[in-house]
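Bear in mind that the values in this text are calculations on the coordinates, not laboratory data. In this text, all values refer to a predicted model and were calculated from it rather than measured experimentally. Quick reminder, even Gly has a Cβ in these numbers, built from the backbone with ideal geometry, and neighbours come from all protein chains shown.
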């Protein structure tokens, strides 16, 4: 069934206004295990499926505005572990913002990566996104999967799991197609979480082979009097942004950004401002590949890398501040409310070894079922009614169905099945073309004019009439 039919639980998640900077559109929100209600991850009766196949996000409580979802890790029960990203159409300041998570639907699976709300659609504005969830190089934008060189390992990241590079010969090659995409443009933003264990000359985060006329380079540098973050683009001559030599801190996770807007090239660490230099022109094509963590010529990065993103656009300071608030402390960025049951409104079910249902006027409406099951039960009503295409069913090993007025409307069915039962009625109305044919020893067959009927016993008679009403 289509969403939201069949989902049993949902919960509101609130992002406080203080965590949002400016106005942001199509913003990918990171959520971890700290952002969900306990019941959703504990593996119990109300838990989401392990793996997150039944997890859906919406911008509204009724579920009319579904949001794209990229699940990186989703482990329930024991020690929950979650890393996922969902894209909110807008994330603007001036008020707290809500989203809703839906879960608990057996047998459900996430949509395909290329589907409308699948993984790739979260990153439709990006050229490439590498979560680097351990030793892997998948591009969650679906464009440029990476190849691991010399078996990098994994380590704990700023959240979730990150890739670990030895600084000697390990890197991730992204291929030449991404270099083609990043060439001939005058806007580019690269973001990454980095934890250097050593800093030397040209320790690459992301680079192509930079010449006097082509390529880009983003690295941790130990040139001059200390360590810092540096960047360069080549548009006819190399231009490097001046790096603050105190910015690169060993063995600490840092959120660093490379940004070029066709006039200014800059680098930024965490939530601080940019260090900029003037640079103009289109980034040239170096006719080589892009690599993370080094190049085929060396310049290898030593330490951890996580969440490397490439976007052919200029991300604003507000966007980068909101992203830093989200990723540096996911637990305080969004808070789960109280989970609630989702009512489908489609089925009324009474199940048990002994139960009863009593009503003066039970009514079934279109596309709904009313079911009573049990080993011993009774259903009593003065005027039960079934409307078009609906059925009223009572099943058990011993039951009684009693009514003063039982009406069968055209094309309607009222089945009473059992080993022992009684059908008692003072007046049964039969409407063409419905036939009334009880079992032998209690049968009265009403017929139209000019037809005959045979009473089943000596003490009862039948009187067929033009109005086809049988009176007993």
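Computed extension length for residue 150-residue 261: 36.5 nm, one decimal, from 0.36 nm per residue of separation with the Cα-Cα distance subtracted.
Taking packing as the residue-averaged number of other Cβ atoms within 10 angstrom, the listed peptides 7-19, 165-177 run from highest to lowest as 165-177, 7-19. Would you please give the FRET efficiency between residue 317 and residue 64, computed as 1/(1 + (r/R0)^6) with r the Cβ-Cβ distance and R0 = 41 Å, to the nearest 0.05? E(calc), rounded to 0.05, equals 0.80.
Look at the Cα gyration tensor of region 257-334: its axes a ≥ b ≥ c give a/c of at least 1.5 with a/b at or below b/c, and that counts as oblate. Calculated translational diffusion coefficient of region 166-210 (20 °C, 1.002 mPa s; Stokes-Einstein with Kirkwood radius over alpha-carbon pairs) equals 167 µm²/s. Between region 132-187 and region 1-79, how many Å separate their Cα centres? The distance from the Cα centre of region 132-187 to that of region 1-79 comes to 27 Å. Packing, taken as the mean count of other beta carbons within 10 Å per residue, orders the peptides 89-97, 30-38, 327-335 from highest to lowest as 30-38, 327-335, 89-97. For a paramagnetic label modelled on residue 113 (point 7 Å from Cα along Cα→Cβ), amide N atoms under 15 Å away belong, within region 39-72, to 69-72.
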